[in-house]
Amino acid sequence: QVQLVESGGGLVQAGGSLRLSCTRSGRESYNMGWFRLAPGKDREFVAAIRWNGESTLYADSVKGRFVISTDNAEKTVYLQMNMLKPDDTAIYYCAADRRLTSLDTIPNYYDFWGRGTQVTVSS
């Protein structure tokens, strides 16, 4: 079973940047996604990337500020977060999708999840 491990979360002031990493085990290919969970809210789609890096998808709330990328040689997906806002505060989860035909935004379509990394943005 594939294992996903997130890292890079922390505390940052509004307007700052953080870079999250998600490293996976195994040798299979997956479309990858980032989701976040804030207190009192549903799990929210953030960004997704095809297994080969050829296409990406972003939530409107982060478009232009966040960049998702992948390094398949290192089996790692990144989420570069810029111009962070207090509303970005959440636990950020990395997820792997075995279905490679399209990028999914629905959490239930993803098969494997990391345990999350906390991102806190102060005002």
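The values are calculated or read from the model by the stated rules, or taken from the named source; none is laboratory data. The structure displayed is predicted, hence computed values, not measured ones. We place every Cβ from the backbone using ideal geometry, glycine too, and count neighbours over all the protein chains shown. Side chains are part of the model used for accessible areas, which takes the heavy atoms of the whole protein and leaves out ligands, DNA and RNA. Shrake-Rupley method; radii C 1.70, N 1.55, O 1.52, S 1.80 Å.
With an 8 Å Cα cut-off and a minimum separation of 6 or more residues, compute the relative contact order for the chain in percent. Answer for the chain is 36 percent.
If the viscosity is 0.890 mPa s and the temperature 25 °C, what Stokes-Einstein diffusion coefficient in µm²/s follows for the stretch 29-94 when Rh is the Kirkwood radius over Cα pairs? In µm²/s, the coefficient rounds to 199.
Computed FRET efficiency, Cβ-Cβ of residue 98 and residue 118, R0 30 Å: what is it to the nearest 0.05?
0.65
Once C-alpha pairs closer than 8 Å and six or more residues apart are averaged by separation and normalised to the residue number of the stretch 39-85, the relative contact order reads 27 percent.
Per residue, the accessible area of the chain comes to 53 Å², computed with a 1.4 Å probe over protein heavy atoms only.
Report the FRET efficiency, 1/(1 + (r/R0)^6), for residue 44 and residue 13, where r is their Cβ-Cβ distance and R0 is 25 Å, rounded to 0.05. Don't skip to the end; give the middle numbers.
Working: r = 22 Å, r/R0 = 0.88.
Once the sixth-power term is evaluated, E becomes 0.70.
Can you give me the % of accessible surface on the chain that is carbon or sulfur? Probe 1.4 Å, all protein chains present, nothing else counted.
Numbers: 3100 of 6580 Å².
Answer for the chain is 47 percent, counting heavy atoms of protein chains only.
Computed extension gain for residue 25 through residue 55, at 0.36 nm per residue and net of the alpha carbon distance, reaches 8.6 nm.
Which FRET efficiency value, to the nearest 0.05, do you get for residue 108 and residue 5 by plugging their Cβ-Cβ distance into 1/(1 + (r/R0)^6) with R0 = 22 Å?
Details: r = 22 Å, r/R0 = 1.00.
The computed FRET efficiency comes out at 0.50.
In the context of the full protein assembly, residue 85 retains an accessible surface of approximately 100 Å², using a probe radius of 1.4 Å and ignoring ligands and nucleic acids.
The average projected area of the chain, computed from the convex hull of its Cα atoms over all directions, is 6.9 nm². Evaluated at q = 0.13 Å⁻¹, a Debye calculation over the C-alpha positions of the stretch 56-104 (equal weights, vacuum) places log10 I(q)/I(0) at -0.37. Rank 13, 51, 62 by how far each Cα sits towards the positive end of the charge dipole of the chain (+1 on Lys, Arg Cβ; -1 on Asp, Glu Cβ) and give me just the farthest. In the chain, that residue is 13.
Need the list of aspartates and glutamates near residue 85 for cross-linking: C-alpha distance under 18 angstrom, and skip anything on the same chain fewer than eight residues off. Here the aspartates and glutamates satisfying the reach criterion relative to residue 85 are 44, 60.
Assigning unit charges at the beta carbon (Lys, Arg +1; Asp, Glu -1) and nothing else, what dipole magnitude in debye, to the nearest 20, does the chain show about its Cα centre?
So the dipole magnitude of the chain works out to roughly 100 debye.
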